[in-house]
1. Has segment 96-115 got at least one residue that is within 14 Å of the chain's Cα centre (by Cα) and buried (at least 16 other Cβ atoms within 10 Å of the Cβ)?
2. Based on this model, can you work out whether S49 counts as among the polar types (S, T, N, Q) and touching a residue at least 12 places away in the same chain (Cβ under 8 Å)?
3. Among the numbered conditions (1) assigned to a helix (DSSP H, G or I); (2) surrounded by 15 or more Cβ atoms within 10 Å (Cβ to Cβ), tell me where M93 comes up short.
4. Do we find that S72 is surrounded by 17 or more Cβ atoms within 10 Å (Cβ to Cβ) and small (G, A, S) in this structure?
5. Taking the condition of being out of contact with any helix residue (DSSP H, G or I) (no Cβ under 7 Å at 6 or more places or on another chain) and within 22 Å of V71 (Cβ to Cβ), how many residues in segment 106-121 meet it?
6. Quick check on this structure: which one of S10, S23, S74 is touching a residue at least 12 places away in the same chain (Cβ under 8 Å) and within 28 Å of G106 (Cβ to Cβ)?
Amino acid sequence: MQPIDYADASPEVRAVYDDIMASRGVTDVNNFWKYLANDPKGLRRTWTSVKEIMAPGALDPLVKEMLYVAVSASNGCDYCIASHTAAARKAGMSDAMLGELLAVVGMANETNRLAQGYRIPVDAQFGGPKD
């Protein structure tokens, strides 16, 4: 599968590319979108979802980008780590914030695995079964 550049894109794909570029204030789309363009319906669906979920809401854009970095680090997605770290930095994330974020991700992964491995039951005070 090859990336689809704007010049080679169908009108359906170009419409999504145009929306991405206008929404993000960029002159080209990144590789993620160019590869997804091999499935125009999937491209449109994914862009619509990303645009909706990542819009300002109860969580501000910086928090959302940092959450995206955290999940991407846990999932081992190098592309997403790079892309969303850049977006988080653009939204105001400092080196210190990234360091703390990754420390929390690492600690959460460690303690999650311990809890799973030991099959620790959830305490009643946290919503587990009452004794």
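1. The answer is no; no qualifying residue exists.
2. Working: among the polar types (S, T, N, Q): yes; touching a residue at least 12 places away in the same chain (Cβ under 8 Å): no.
When the stated conditions are applied, S49 does not pass them.
3. Condition not satisfied by M93: (1).
4. Values: surrounded by 17 or more Cβ atoms within 10 Å (Cβ to Cβ): yes; small (G, A, S): yes.
Considered against the rule, which asks whether it is surrounded by 17 or more Cβ atoms within 10 Å (Cβ to Cβ) and small (G, A, S), S72 comes out as yes.
5. We begin by selecting, within segment 106-121, every residue out of contact with any helix residue (DSSP H, G or I) (no Cβ under 7 Å at 6 or more places or on another chain); these are 106-108, 110-121.
Okay, now just the ones that are also within 22 Å of V71 (Cβ to Cβ), so 106-108, 110-117.
Number of matching residues: 11.
6. On the way: S10 fails: within 28 Å of G106 (Cβ to Cβ); S23 fails: within 28 Å of G106 (Cβ to Cβ).
Testing whether each residue is touching a residue at least 12 places away in the same chain (Cβ under 8 Å) and within 28 Å of G106 (Cβ to Cβ) leaves just S74.
Read-outs: derived from the displayed coordinates by stated rules, not from any lab. What you are looking at is a predicted structure, and each value in this text was computed from that prediction instead of being measured. In this analysis, Cβ positions are derived from the backbone assuming ideal geometry, glycine residues included, and neighbour counts consider all displayed protein chains.
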